[in-house]
1. What is the helix-to-structure angle for 121-134, meaning the angle in degrees between its Cα long axis and the longest Cα principal axis of the chain, kept from 0 to 90 and rounded to the nearest 10?
2. Report the charge-dipole magnitude of segment 250-383 in Debye, nearest 20, computed about the Cα centre from +1 at each Lys and Arg Cβ and -1 at each Asp and Glu Cβ.
3. For a quick protection proxy, order the peptides 139-152, 71-84, 38-51 by their average other-Cβ count within 10 Å, most packed first.
4. What shape does segment 42-125 have by the C-alpha gyration tensor, where a ≥ b ≥ c are the square roots of the eigenvalues, rounded means a/c under 1.5, and otherwise prolate means a/b greater than b/c and oblate the rest?
5. Filter the cross-link list LYS262/LYS478; LYS177/LYS262; LYS45/LYS377 down to pairs whose alpha-carbon distance in this structure exceeds 19 Å.
6. Please compute the contact order of the chain in relative form: average sequence separation of alpha-carbon pairs under 8 Å and at least six residues apart, divided by the residue count, as a percent.
7. Please work out the Cα center distance from segment 371-405 to segment 411-467, rounded to the nearest Å.
8. Of VAL142, PRO170, ALA113, which is farthest on the positive side of the dipole of segment 65-187, counting Cα position, with +1 on Lys and Arg Cβ, -1 on Asp and Glu Cβ, and the Cα centre as origin?
Amino acid sequence: MSTLTHQDWLNLQQTLSFEGRAWINGSYCDAQDQQTLPCINPANKQTLTEIADCSENDVNRAVSGARDAFNRGEWARISPSQRRVVLEKLADLMAQHAEELALLESLDMGKTAADALAFDIPEAIRCFRFYAGAIETINDEVLPTAENVLATVTREPLGVVAAVVPWNFPLMITSWKIAPALATGNSVIVKPAEQSSLSAIRLAALAAQAGLPDGVLQVVPGQGKVAGQTLGLHNDVDCLTFTGSTLTGKRFMTYSAQSNLKRVWLECGGKSPQIIFDDYDNLERAAATAAAAIFINQGEVCIAASRLYVQDSIYDRFLPLLLAEAKKYQPGNPLNPESLAGAIVDQLQFDRIIAGVEEAIAGGAKELTPSLRSECKEGWFLNPTILECSDNSNLIMQEELFGPVLGLCRFATEADVIALANDSNYGLGAGLWTNNLGRAHRVSRQLQAGMIWVNSYADGAITVPFGGRKQSGFGRDKSIHALEKYTDLKSTWIDLNE
Ligand code: NAD
């Protein structure tokens, strides 16, 4: 955890200067038509700075600069070991600026600075180090063919990769996209979320300082329906890697079909279930993890376990433990290290969560916690909330609210709960708690999700793929497998007869 005090963070904030301009071809620039968007601190609703609202022209300029850089080959055609040096230098610079980057994340989107410093920033740094090393371990292939030919399969970078990312873990998710794409030699254009552009904008300057050639990494802040859509529809973008809502993910599939059939990799929403079986004997531990799994980062986590199924015979014993754990996630000032949760990202998301809870209650769910709305009105704060529900079709068991709200439901048998857990459009994560080894394997096999946790939740490592199934998308971030998304296979036949 962070060793910085509240006062330390406030002191650091005094020294910060906010850069909100786009980064194109190696320097900061305003949007061509000078348009900006306000960058608001969710903890006090005050404007921190303005960020560039990039138009179609700005995005076109970024794409053309990225293409030129790719064609020049100063990055794409140097050896993996030369790229490794630059990416490791970037990781070193991020480590040197870790506190500044953590504070930018906190002020920009409301998460606690302590969490950003303990988790988001180290994860982003690890990601660059991992892919820097990984590219020197990838081999091409010579395949079995007839005696008189040689057939090789080589991997080539795709060219221009665009990354459109969300606001909940801004720098970490940006890194999951751009580190493997840069490592394999692509030029990359990042479109950060409107609510959280500051860390990506800062990263671009650090990358230049590390030695990344101009044009290889561009950052175009702006609106999804303008800058994001322009990238999605662009005929000179070869790949679009996206994390965000399922609705927007579907749009990117359409943009691809309407333009150049660019590859699209989607990481979308989730409504992940967690199951507590009555043979699991450490209910205190299960309750603590269940609460953390939904309330960390104010519930703004794609793998948040927002549905909890507890077996009938332990339900009454488990409930008070869960309520006591939930209480710990009362939101507070994100710069105060005592706060386990910060502010909701913006007014829209705040209103959406409240409306969702009201609709779930109107549909029969029962509120077990005192109040969703926090006493603190200075920022967009919401309290941890648990809704008990016996109907799996209720909104709280089906729709992603992306806030600190848990849907809780009883179940009777293993078969019943597998059916309930799989009754969802999503398939991102799933957790189960049991002391029975056979059950752990049996249920894991049947749960429709990209990631399963047994007797834990949300463990992760840069070496292990991250991603989902069904309408949670099909891309995989992290791990060696992510490198495949940003390269193309080329088969070359060489006739040996002459
Ligand atoms: P969002 O879909 O609204 O926005 C994501 C990005 O897409 C932003 O940069 C936004 O500007 C852009 N965008 C929005 N509308 C667009 C359009 N019409 N055309 C092109 N681009 C557009 O999502 P969000 O609210 O920023 O993030 C929350 C969502 O992200 C949740 O659903 C969450 O589950 C999901 N998420 C998924 C993962 C994962 O790995 N599966 C990780 C984090 C977040």
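The values are calculated or read from the model by the stated rules, or taken from the named source; none is laboratory data. These figures come from a predicted structure and were not determined experimentally. Positions of Cβ are generated from backbone atoms using ideal geometry, with glycine treated the same way; all protein chains shown enter the neighbour counts. Protein only, heavy atoms only, side chains kept; ligands, DNA and RNA dropped before computing areas. Shrake-Rupley method; radii C 1.70, N 1.55, O 1.52, S 1.80 Å.
1. 40
2. Roughly 680 debye, rounded to the nearest 20.
3. Top to bottom by mean Cβ count within 10 Å: 38-51, 71-84, 139-152.
4. Oblate, because a/c is 1.5 or more while a/b does not exceed b/c.
5. LYS262/LYS478, as the Cα separations exceed 19 Å there.
6. Relative CO of the chain lands at 18 percent.
7. The two parts, judged by their Cα centres, are 23 Å apart.
8. Towards the positive end, the residue furthest out is VAL142.
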